[in-house]
Amino acid sequence: MAAVTTPYEKKIVKGLLDDKAIAKRHQITALSKAPAGGLSLEDSWSEVVPSPPGLLAPKSYKKTYTLTALDETVATIKMTAGESGPSAEGDTQAAGNMGMFAKMFDNEDDYTGTLKIDLATGEVLASNETLISTYTAQEMPANGDAEKGPDVLTMQLTNRVQLEKLN
């Protein structure tokens, strides 16, 4: 393995191997926000969280969890999320990182996930969350051909976290 030599490489390694970063990647906060006293099928609860690093314009998301299936041994919880008005608690991300370019882009997010829990032990068997954030900008060139339409620039960030219990 090559030595880490540049500041950029050091930042990447710290982001992967720092104790706090590892702990954060392995947290499943959905259950801590669930209503006390047990759940029934189709019960829902929510939490507001900051966007993951790398998003062009950081924001907060309201994750809504719904208990969608119960069988003898496993509970399945589905998560959907949308942009939240209020900021997430403890959110330190600077808003408006795109500066003057922010108004040029239309943004569309698709944020979903699934959580499977062993009912006998309370252990998380599988957890996955995927955020696909797409930014699109369109502009007609100054001397452009109207039949060809505008120039289109599309950028996309995919952030996926997947945890699975192995035997």
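Using a Förster distance of 30 angstrom, determine the FRET efficiency expected from the C-beta separation of residue 123 and residue 87, and round it to 0.05. Let's see the in-between values first.
On the way: r = 32 Å, r/R0 = 1.07.
It comes out at approximately 0.40.
All other residues with a Cβ under 15 Å from the Cβ of residue 68 taken together, and with Lys, Arg as +1 and Asp, Glu as -1, what is their net charge? Kindly include the intermediate steps, with their values, before the conclusion.
Numbers: positive: 63, 78, 116; negative: 42, 43, 71.
Value of the local net charge: 0.
Available extension along the chain between residue 17 and residue 154 is 46.1 nm, counting 0.36 nm per residue and deducting the alpha carbon span.
If you build the convex hull over the alpha carbons only and average its shadow over all orientations, what do you get for the chain? Give it in nm² to one decimal.
Numbers: hull surface 62.7 nm².
With every direction weighted equally, the projected area is 15.7 nm².
Computed from the C-beta positions of residue 72 and residue 110 and an R0 of 35 Å, the FRET efficiency is 0.60 to the nearest 0.05. Once the Cβ-Cβ distance of residue 64 and residue 143 is raised to the sixth power relative to R0 = 35 Å, the FRET efficiency obtained is 0.15. Please work out the Cα center distance from segment 106-167 to segment 24-53, rounded to the nearest Å. Answer, in whole Å: 20. One decimal place: the segment residue 3-residue 103 gains 31.9 nm when fully extended, by the rule 0.36 nm per residue minus the C-alpha distance.
What order do you get for 139-146, 69-76 when each peptide is scored by the mean count of other beta carbon atoms within 10 Å, highest first?
Working: 139-146: 8.6, 69-76: 12.2.
In decreasing order of mean packing, 139-146, 69-76 become 69-76, 139-146.
On full extension of the chain, what length is gained from residue 46 through residue 25, given 0.36 nm per residue of separation minus the C-alpha to C-alpha distance?
Difference between extended and current length: 5.6 nm.
Between the Cα long axis of helix 7-17 and the first principal axis of the chain there is an angle of about 20°, rounded to the nearest 10. Seen from all directions on average, segment 1-94 presents a Cα convex hull projection of 9.4 nm².
Just so you know, all these numbers are worked out from the coordinates, no wet-lab data involved. Just so it is clear, the model here is predicted, and its values are computed rather than measured. In this analysis, Cβ positions are derived from the backbone assuming ideal geometry, glycine residues included, and neighbour counts consider all displayed protein chains.
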